[in-house]
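Let me begin by presenting the structure, written as structure tokens, before commenting on it.
Bear in mind these aren't lab numbers, they're just calculated from the coordinates by the rules spelled out. Keep in mind it's a predicted model, so treat the numbers as computed, not measured. For neighbour counting, all protein chains shown are included, and Cβ atoms are generated from backbone atoms with ideal geometry for every residue, glycine included.
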Amino acid sequence: METTPPLADRVFETGVAMMEGLAVYLGDRLGWYRELAAAGPLTPAALADRTHTQVRYAREWCEQQAAAGFLTCDDGGGQDGDRRFGLDAEGVAVFTDTSSTDFLAPFIRLVAASAIQLPALVDAYRQGGGVSWDQLGDDARDGQADMNRPWFEQVLPGELAGVPHLHAALGRPGAAIADIGCGYGWSTIALARAYPETRVVGIDIDGPSVERARAIAAEAGVEGVEFVHSAGEDVEGGPYDVAFLFECLHDMPHPVDVLTAVRASLADGGTVVVMDEAADDELAVPADLIQRMLYGFSTLCCLPDSLSHPGSVGTGTVIRRETVERYAHDAGFTGVTDVPIENFGFWRFYELR
Ligand SMILES: C[S@@+](CC[C@H](N)C(=O)[O-])C[C@H]1O[C@@H](n2cnc3c(N)ncnc32)[C@H](O)[C@@H]1O
């Protein structure tokens, strides 16, 4: 009997996984997971009714999700229309819980943002240029923000409290903190909540992100934060005691210009903390899942975004330690050390001195 070559198996599985991922996008954007978490288990008819969507599609999606192992299914006595589908506790966390570090619906949203732009990506790969963050749109913005939010809200404050000199600098009454490339500002808000006697300024070049950050902070009644629509190359509002760049240095078309401006915006004794991807020091073949994920985002999202700007250095998501050190050196910093924050998702923290 003929056996299927392993590579063919893998590519076949990849195709199925792509379809299952895109179906997760549908359930996320249609509110189906959230409804199942709130009121499930439900029949497809009840799910469609409660979410004002189409019952025939709801039934197919529920069956597909159960077949994939994402939804539970009780057979309701065996009649198609009576089957009830739901989420178990793990499913609730993975598909709906904005406070859980297991919340992965936004990861799929971010991937889908690139999938929607595949014709533009083909053009960019052929002719040069790129696909900007703005072009990737709200799926990318929302996906990015929701994916990192639980890490900033649940994990970051405790980790910073474990780094005595940073904790002291951040906690000094009247200290000023910058959060460059803040996106929807979940990190800015987490810092303001953890260090209520400081002023925290979120800065981002993307106008819609800054508007959303302001709305989120206002809705949550967070004090001590402000958001500025500006390029990191023109940092405003200093001098800063601590400046953070959370998962954005690798996106910046001109990272050395940004780091140079951030350095100039520091108060005496001020410091810069960069959180970026925990990329291996060199290409491993084959690589582990995290490195493959970083390359996935690099090929589909971060590199095309960066290259959409004229003169971009084109860093890509796989930003290696050597690259961070080189950018820091070129921006006038004298050294880069690891901040002892470990087991923080797939990121690494650097301090630039
Ligand atoms: C991958 S997102 C990270 C957002 C947020 N820090 C987080 O961790 O969720 C990168 C962000 O950097 C911003 N950005 C890119 N280049 C920038 C620049 N030159 N100045 C300021 N922000 C920039 C983008 O608009 C985007 O919001």
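For SER230, SER99, SER187, SER114, what ranking results if the residue with the fewest other Cβ atoms within 10 Å of its Cβ goes first?
Ordered from fewest to most neighbouring Cβ atoms within 10 Å, SER230, SER99, SER187, SER114 come out as SER99, SER230, SER114, SER187.
³J(HN,Hα) across the stretch 225-231 via Karplus (A = 6.51, B = -1.76, C = 1.60, θ = phi - 60°), whole Hz, x for Gly/Pro?
Here the 3J(HN,Hα) series is 10, 9, 10, 10, 8, 7, 6 Hz.
Please work out the Cα convex hull volume for the chain and give it in Å³ per residue. Mind dumping the intermediate values first?
Numbers: hull volume 56.4 nm³, N = 353.
It is 160 Å³ per residue.
Evaluate 2.2 N^0.38 Å with N set to the residue count of the stretch 129-240, then give the Cα radius of gyration divided by it.
Dividing the Cα Rg of the stretch 129-240 by 2.2 N^0.38 Å gives 1.07.
How large is the translational diffusion coefficient of the stretch 6-96 in µm² per second when you combine the Kirkwood radius over alpha carbon pairs with Stokes-Einstein at 20 °C and 1.002 mPa s? Please list the in-between numbers first.
Working: Rh = 13.4 Å.
Estimated via Stokes-Einstein, D reaches 160 µm²/s.
For the stretch 244-352, state which trypsin sites (Lys or Arg not before Pro) are in a DSSP loop and have at most 15 other beta carbons lying within 10 Å of their beta carbon. Please list the in-between numbers first.
Numbers: sites: ARG263, ARG292, ARG320, ARG321, ARG326, ARG348; in loops: ARG320.
Passing both the DSSP loop test and the Cβ count: no residue.
When ILE205, ILE216, ILE290, ILE189 are ordered from fewest to most other Cβ atoms inside 10 Å of their Cβ, what list results?
Numbers: ILE205 22, ILE216 19, ILE290 14, ILE189 25.
By the 10 Å Cβ count, ascending, the order reads ILE290, ILE216, ILE205, ILE189.
Given Cα pairs under 8 Å that are at least 6 residues apart, what percent is the relative contact order of the stretch 6-96?
On the way: 96 pairs, mean separation 26.8, N = 91.
Relative contact order, the stretch 6-96: 29 percent.
Relative contact order for the chain using alpha-carbon pairs under 8 Å, separation at least 6, rounded to a whole percent?
Numbers: 610 pairs, mean separation 43.8, N = 353.
Once normalised by length, the contact order is 12 percent.
Out of ILE203, ILE319, ILE177, any idea which swings most in a Gaussian network model of the chain, alpha carbons joined below 10 Å?
ILE319
Mind sorting ASP80, ASP204 by how few other Cβ atoms lie within 10 Å of their own Cβ, fewest first?
On the way: ASP80 11, ASP204 26.
Final ranking by Cβ density, sparse to dense: ASP80, ASP204.
Whole Å is fine, so just give me how far the alpha carbon centre of the stretch 51-94 lies from that of the stretch 211-242.
Measuring centre to centre over Cα atoms gives 42 Å.
If you consider only alpha-carbon coordinates, what radius of gyration and Dmax does the stretch 137-194 have, in Å?
Values for the stretch 137-194 (Cα only, Rg and Dmax): 12.6, 39 Å.
Could you give me the ³J(HN,Hα) list for the stretch 58-70, computed from phi with Karplus coefficients 6.51, -1.76, 1.60 and θ = phi - 60°, whole Hz, x at Gly and Pro?
Here the 3J(HN,Hα) series is 4, 5, 5, 5, 4, 5, 4, 5, 5, 4, 6, x, 8 Hz.
Could you compute Rg(Cα) / (2.2 N^0.38 Å) for the stretch 247-333, with N its residue count? Display every interim value, and only then the final one.
On the way: Rg = 13.8 Å, N = 87, 2.2 N^0.38 = 12.0 Å.
Cα-based Rg divided by the globular estimate yields 1.15.
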